[in-house]
Structures are given as structure tokens and as C-alpha cells.
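Each value in this text was obtained by applying a stated rule to the coordinates, not by laboratory testing. Since the model is a prediction, treat every value here as computed from it, not as a measurement. As a convention, Cβ positions derive from the backbone with ideal geometry for all residues, glycine included, and neighbour counts pool all protein chains shown.
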């Protein structure tokens, strides 16, 4: 994935990326997992470019951590 963010608040130095993954088994029992990508993505001149290939180091987090 490739994201280009613009018009960001330049008082921040980085963008932190969190994501959720939803899966289910063959009986349709849904499971939700949340993660934080451990790499911070720097903001330059109110812009940030984020490239995610799926192999980034990540940390499992609570869903509540994302919504705070």
C-alpha cells in the first residue's frame, strides 16, 4: 500500500499507523486483531509518504488503543 498524506499539522513530527485485521473460521466466527506498525513515518513540510508492504514489524494492541 502507498499513501501520500498532505496538509498535515507541521507541529507533529511523525505519523503512527495502526490497523485492524478481521478473519473468520469456517463457521463464520469472526476474530478481530489490532496492530501498531513500529516504524514511525516522518512528516516533511506538512506531507507524509507511507509505504506498507505487510512485512513491517508490528505490535499487537487492544482495539481500545486505536480509538483513544
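Quick check on the chain: helices-only [θ] at 222 nm, where DSSP H runs of length 4 and up contribute -39,500 (n - 2.57) each and the sum goes over total residues. Nearest 500, please. Mind dumping the intermediate values first?
Values: 1 runs with 4 residues, N = 68.
So the helix-based figure for the chain works out to -1000 deg cm²/dmol.
How large is Rg over Rh for segment 2-63, taking Rg from the Cα atoms and Rh as the Kirkwood inverse mean of 1/r across Cα pairs?
Working: Rg = 14.8 Å, Rh = 13.4 Å.
Answer for segment 2-63: 1.11.
Taking R0 as 30 Å, what FRET efficiency do you get between residue 31 and residue 5 from their Cβ-Cβ distance, rounded to the nearest 0.05? Don't skip to the answer; put the middle values down first.
Numbers: r = 29 Å, r/R0 = 0.98.
It comes out at approximately 0.55.
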